[in-house]
């Protein structure tokens, strides 16, 4: 990722994280690799991520490591090791941003290396927390100017009611015409079959039992409260009874953000509740909820809607010295401007006026400072407005203050 395109990715990360920072979420960083066992136990041994997509390696000491394919398991592991849940302030609210890796066939919107911003709220079972996270993601996308995204919502039940549904679904799936790999999945995690994107599989799932018909009263009430809170907040959503997501740890609330302008890879982010994950990876019972939003796919969504972000100029002032004395003087002015919080750059390398002004144009600077021996002798610098083309002499001692005034 290189400039100038990288500036858009930075702006997307900032827009997604800003609502989180304003809502009590603290920043956390985790390693780029973890023990394979963490993802096998947490993400699920039957998932494509674990069986096909993880980059794994064996260390000289014999440890099996994996480049992280997702963020939740790593964040929860780190929070548990740091005993954040014992500090007495639940939920533990965390956000993160980083790179993730999956061995997939590269295509538009699906990369082997991708970036995400994620959020996790650990240690509390509360429909308002589920709704909060969905609302914050919606707020982030709207702040970027996105409008053509949709929120899909479902409930996967809990440890009380999902086993009953699982058995009914397995009975139904065993009678279908499915390949051997899918049949193995039926026995390990049959809900994952519902997520199969192949048309011939989806055609056979038309009459599959509906999870909503098996939800216990507690899960129904929980889900209805999430829906009511979203509706009250003015956040539109669509009920999607086939939404199961690609990870095994989800329970109850699950949701996905999709964008219709991205074709097959329409999901730009998603998440849900994972009340049993802490226990799966050796921790105490800590009901939790979270999401991850793809930075790469969000950028593609912006492009699909022809949204141009209002990116701050990387350079506001560009200094062009003509001669050694001017180099010394203007370098001092640039340093002063930077200390005042003004983005300023300098024509390094002793180039002539023509070459330096080309660089000034390419930098996107609003103003250019030019000074030669005659200017310095008169105690002035030439200040050029790169938009209007107007140029005037300003006292050298007042150059920084004048630029600060003009730039507001």
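The values are calculated or read from the model by the stated rules, or taken from the named source; none is laboratory data. Since this is a predicted model, take the numbers as computed values, not measurements. Methodologically, a virtual Cβ is constructed for each residue, glycine included, from the backbone with ideal geometry; neighbour enumeration extends over all protein chains shown.
Return the total of residues in segment 350-408 being part of a loop (DSSP other than H, G, I, E, B) and farther than 20 Å from residue 328 by Cβ. Explain how you work it out, then say what you get.
Initially, segment 350-408 is screened for residues part of a loop (DSSP other than H, G, I, E, B), giving 350-352, 364-366, 372, 379, 386-390, 408.
Okay, now just the ones that are also farther than 20 Å from residue 328 by Cβ, so 364-366, 386-390, 408.
Total meeting the criteria: 9.
In segment 275-285, the residue that is nearest to residue 261 (Cα to Cα) out of those that are surrounded by fewer than 22 Cβ atoms within 10 Å (Cβ to Cβ) and in contact with a strand residue (DSSP E or B) (Cβ under 9 Å, 6 or more places away or on another chain) is 275.
Would you say residue 207 is surrounded by fewer than 17 Cβ atoms within 10 Å (Cβ to Cβ) and closer than 25 Å to residue 149 by Cα? If you could, list the steps in order and put the result at the bottom.
Values: surrounded by fewer than 17 Cβ atoms within 10 Å (Cβ to Cβ): yes; closer than 25 Å to residue 149 by Cα: no.
The answer is no for residue 207.
Looking at segment 162-214, the helices (runs of 4 or more DSSP H) lying wholly inside it that each contain 2 or more residues that are more than 22 Å from residue 267 (Cβ to Cβ) sit at 162-173, 180-188. Within segment 306-330, the set of residues being surrounded by 17 or more Cβ atoms within 10 Å (Cβ to Cβ) and in a helix (DSSP H, G or I) comprises 326, 327, 329, 330. Here the condition is being surrounded by 22 or more Cβ atoms within 10 Å (Cβ to Cβ) and either free of Cβ contacts under 8 Å to residues at least 24 places away in the same chain or within 14 Å of the chain's Cα centre (by Cα) (or both); of 141, 100, it holds for 141 alone.
Select, from 153, 129, 146, the only residue that is closer than 18 Å to residue 241 by Cβ and either assigned to a strand (DSSP E or B) or within 29 Å of the chain's Cα centre (by Cα) (or both).
Values: 129 fails: closer than 18 Å to residue 241 by Cβ; 146 fails: closer than 18 Å to residue 241 by Cβ.
Among 153, 129, 146, only 153 is closer than 18 Å to residue 241 by Cβ and either assigned to a strand (DSSP E or B) or within 29 Å of the chain's Cα centre (by Cα) (or both).
Restricted to segment 262-289, and to residues that are touching a residue at least 60 places away in the same chain (Cβ under 8 Å) and assigned to a helix (DSSP H, G or I), which residue is nearest to residue 110 (Cα to Cα)? Applying the filter and picking the extreme gives 262.
Could you list all residues from segment 162-186 that are in contact (Cβ under 8 Å) with a residue 40 or more places away in the chain and buried (at least 20 other Cβ atoms within 10 Å of the Cβ)? Matches in segment 162-186: 162, 165, 169, 185. In segment 286-305 there is at least one residue that is closer than 30 Å to residue 80 by Cα, surrounded by 18 or more Cβ atoms within 10 Å (Cβ to Cβ) and more than 20 Å from the chain's Cα centre (by Cα). Within segment 92-126, the set of residues being in a loop (DSSP other than H, G, I, E, B) and farther than 23 Å from residue 275 by Cβ comprises 102, 103, 104, 105, 106, 108, 109, 111, 112. Is it fair to say residue 92 is modelled with pLDDT under 95 and over 30 Å from residue 304 (Cβ atoms)? No; evaluated as a whole, the condition is false for this residue.
For every residue, the table says whether it meets (1) in contact (Cβ under 8 Å) with a residue 40 or more places away in the chain; (2) surrounded by fewer than 21 Cβ atoms within 10 Å (Cβ to Cβ); (3) assigned by TED's automatic domain parsing to the domain that holds residue 136.
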{"site": "22", "(1), (2), (3)": "no, yes, yes"}
{"site": "30", "(1), (2), (3)": "yes, yes, yes"}
{"site": "59", "(1), (2), (3)": "no, yes, yes"}
{"site": "67", "(1), (2), (3)": "no, yes, yes"}
{"site": "118", "(1), (2), (3)": "yes, no, yes"}
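Considered as a group, the residues in segment 333-352 that are more than 38 Å from the chain's Cα centre (by Cα) and surrounded by fewer than 13 Cβ atoms within 10 Å (Cβ to Cβ) include one that is farthest from residue 381 (Cα to Cα), and that residue is 349.
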